[in-house]
Amino acid sequence: MYKWLDERLDLTSLYQKVLRKAFPVHHSFFLGEITLFAFVVLVLTGVFLTLNYEPSIREVRLPDGRTVPAAYASILYIDSLSFGAVIRSLHHWSAHAMIAAAFLHMLRILLTGAYKKPRELNYLVGLALLGLAVVTAFTGYALPYDNYAVTATRIGYGIAASIPWVGGTIAEVMFGGEFPGSERSIPRLYSLHVLWLPLLLMALIGLHLAIMIKQKHTQPRYAERVAPGKILGVPMYPQQMVMMGILFALYVGIMTMIAGAFLAHPVEAFGPPNPQHPGGEARLVLPLALRASPDHPRKLAVPALRGHHRPRVHRRGPDSRDSGHRGPPPPLRGHPQGQDALPGTPLGAPRAHQRHPGPPRLLPHEHPSGLQD
Ligand code: HEM
């Protein structure tokens, strides 16, 4: 059989060229492989998740009578399956592990000078891989469609949309419309997350490894001392492959223990999206994202919020009464009903800092997120 295949596919020369490749023996050279293992685990666990996930925000009724978006309901369903929550957590933690390992792998490349000629091209491919991995993780963040995920993704949408010139196009391509709000957002993020970005990652990883095999590895410093000018290492097959198999098994074992011990993102705890009360730690960043808008507060950085609550702008300075705004006048500090009347301050008179009107600000009770900005 081997002879038959060899005569047609020239397997022996493939074996000599690729499988006999010397792989340096040094722990730091395993970081690229750990990144690869994390990606493999992400694909495998991702296949399980796609089989049970519905990429839609149509309203569905839960057995307890609540009406929630279908995407949110499907995460509750996955968590209810045997090992469902662990597999979802494994996906979650592997995404973290992939980005952390890619970052450490990049550090190894930088600290050992492996980016220098002739490997600049592979360094750039690696940078593209790291960027793409981060974008892929981001597109997956919104998919559970709970209050936490929607708040966090809304910030990403606001940042993307406020990039000068290209922001609108990027936001449209990534989110398929305003996020949250557009019915096309979740299907768009879903197709990017499970199809287009992973395909691009696979193609780039293939290119990265092909270039690495063609150019051969750099050598660790000890190898240069032991065998100067020579390539020192174990052959890719069988030794390196056995080590990779052991490392992969270790990776899956350790990550599964972590996934079992620290279940990812409890969607029930955050509930379905609620624009009045953004969820999770992400809401701490939301006011900063709003402020980052070039023309805050008249136009919010997160256009999705405009539909929910159109903010009214009141100036706090003495010009507030003739600023022509249509809303009710701002509460006066020092007013008898106010909380912060200062002794000796004439009622209704502006305080010292109010005589110099600063940039217009939303008053806390008017903030669309319900938070103080
Ligand atoms: C994100 C996904 C990535 C994967 C799956 C990946 C995978 C790998 C693997 C398996 C190797 C061979 C083993 C090793 O040297 O560690 C390697 C080598 C290499 N990688 Fe990556 N890598 C990724 C990202 C990066 C990044 C972010 C950079 C740098 C910006 C980079 C630059 C390189 C270079 C220059 C080599 C050749 C190293 C040498 O010859 O010593 N890679 N990569």
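The values are calculated or read from the model by the stated rules, or taken from the named source; none is laboratory data. Everything numeric here is computed off the predicted structure, so don't read it as measured data. Positions of Cβ are generated from backbone atoms using ideal geometry, with glycine treated the same way; all protein chains shown enter the neighbour counts.
Say we look at region 90-132 and pick out the residues that are surrounded by 15 or more Cβ atoms within 10 Å (Cβ to Cβ) and charged (D, E, K, R); which of these is farthest from the ligand (Cβ to nearest atom)? Ranking the candidates gives 108 first.
Has region 238-252 got at least one residue that is in contact with a strand residue (DSSP E or B) (Cβ under 7 Å, 6 or more places away or on another chain) and touching a residue at least 60 places away in the same chain (Cβ under 8 Å)? So far as region 238-252 goes, yes, one or more of its residues are in contact with a strand residue (DSSP E or B) (Cβ under 7 Å, 6 or more places away or on another chain) and touching a residue at least 60 places away in the same chain (Cβ under 8 Å). For region 85-93, check the following and say yes or no: at least one residue is more than 30 Å from residue 232 (Cβ to Cβ), of a type outside the set (D, E, K, R) and in contact with a His (Cβ under 7 Å, 6 or more places away or on another chain). Yes - at least one qualifying residue is present in region 85-93.
Which one is nearest to residue 98 (Cα to Cα) among residues in region 144-201 that are surrounded by fewer than 16 Cβ atoms within 10 Å (Cβ to Cβ) and charged (D, E, K, R)? Per the criteria, the residue is 184. For region 133-170, the candidate set comprises residues that are modelled with pLDDT of 95 or more and of a type in the set (S, T, N, Q); within that set, the residue that is farthest from the ligand (Cβ to nearest atom) is 139. Being surrounded by fewer than 18 Cβ atoms within 10 Å (Cβ to Cβ), of a type in the set (Gly, Ala, Ser) and modelled with pLDDT of 90 or more is the filter here; which residues of region 9-42 pass it? Once the filter is applied, which keeps residues that are surrounded by fewer than 18 Cβ atoms within 10 Å (Cβ to Cβ), of a type in the set (Gly, Ala, Ser) and modelled with pLDDT of 90 or more, region 9-42 yields only 28. Restrict the check to region 68-78 and report whether at least one residue is touching a residue at least 12 places away in the same chain (Cβ under 8 Å), within 16 Å of the ligand (Cβ to nearest atom), in contact with a Ser or Thr (Cβ under 6 Å, 6 or more places away or on another chain) and not charged (D, E, K, R). No, every residue in region 68-78 fails to be touching a residue at least 12 places away in the same chain (Cβ under 8 Å), within 16 Å of the ligand (Cβ to nearest atom), in contact with a Ser or Thr (Cβ under 6 Å, 6 or more places away or on another chain) and not charged (D, E, K, R).
Of all residues in region 12-25, those that are away from the ligand (no atom under 16 Å from the Cβ) have Cβ atoms under 9 Å from Cβ atoms of residues that are of a type in the set (Val, Ile, Thr), 6 or more apart or on another chain, in 17/213.
Quick check on residue 192: is it within 12 Å of the ligand (Cβ to nearest atom) and outside any loop (DSSP other than H, G, I, E, B)? No; evaluated as a whole, the condition is false for this residue. The set of residues from region 273-283 being of a type outside the set (Asp, Glu) and either at pLDDT below 70 or more than 20 Å from the chain's Cα centre (by Cα) (or both) comprises 274, 275, 276, 277, 278, 279, 280, 282, 283. Kindly check whether there is at least one residue in region 52-62 that is under 30 Å from residue 246 (Cβ atoms), in contact with a Phe, Trp or Tyr (Cβ under 9 Å, 6 or more places away or on another chain) and part of a helix (DSSP H, G or I). So far as region 52-62 goes, no, none of its residues is under 30 Å from residue 246 (Cβ atoms), in contact with a Phe, Trp or Tyr (Cβ under 9 Å, 6 or more places away or on another chain) and part of a helix (DSSP H, G or I). Within region 82-89, identify whether any single residue is assigned to a helix (DSSP H, G or I) and near the ligand (Cβ under 9 Å from one of its atoms), and answer yes or no. No, because not a single residue in region 82-89 is assigned to a helix (DSSP H, G or I) and near the ligand (Cβ under 9 Å from one of its atoms). Inspection of region 37-46 finds no residue satisfying the criterion of being of a type in the set (A, V, I, L, M, F, W, C), in contact with a strand residue (DSSP E or B) (Cβ under 9 Å, 6 or more places away or on another chain), under 30 Å from residue 226 (Cβ atoms) and within 15 Å of the ligand (Cβ to nearest atom).
Taking each residue of region 112-131 that is aliphatic (A, V, I, L, M) and assigned to a helix (DSSP H, G or I) and looking for partners that are near the ligand (Cβ under 6 Å from one of its atoms) and at pLDDT 95 or above with beta-carbon atoms closer than 8 Å, six or more apart or interchain, yields 125/208; 127/106; 129/102; 129/205; 129/208; 130/102; 130/106.
If you go through region 232-253 and keep only what is within 12 Å of the ligand (Cβ to nearest atom) and under 24 Å from residue 123 (Cα atoms), you end up with 233, 236, 240, 244.
Of the residues screened, residue 180 is one that is closer than 18 Å to residue 56 by Cβ, in a loop (DSSP other than H, G, I, E, B) and either away from the ligand (no atom under 11 Å from the Cβ) or modelled with pLDDT under 90 (or both). Filtered by the rule that a residue be away from the ligand (no atom under 13 Å from the Cβ) and either touching a residue at least 40 places away in the same chain (Cβ under 8 Å) or surrounded by 13 or more Cβ atoms within 10 Å (Cβ to Cβ) (or both), region 208-231 gives a lone residue, 222.
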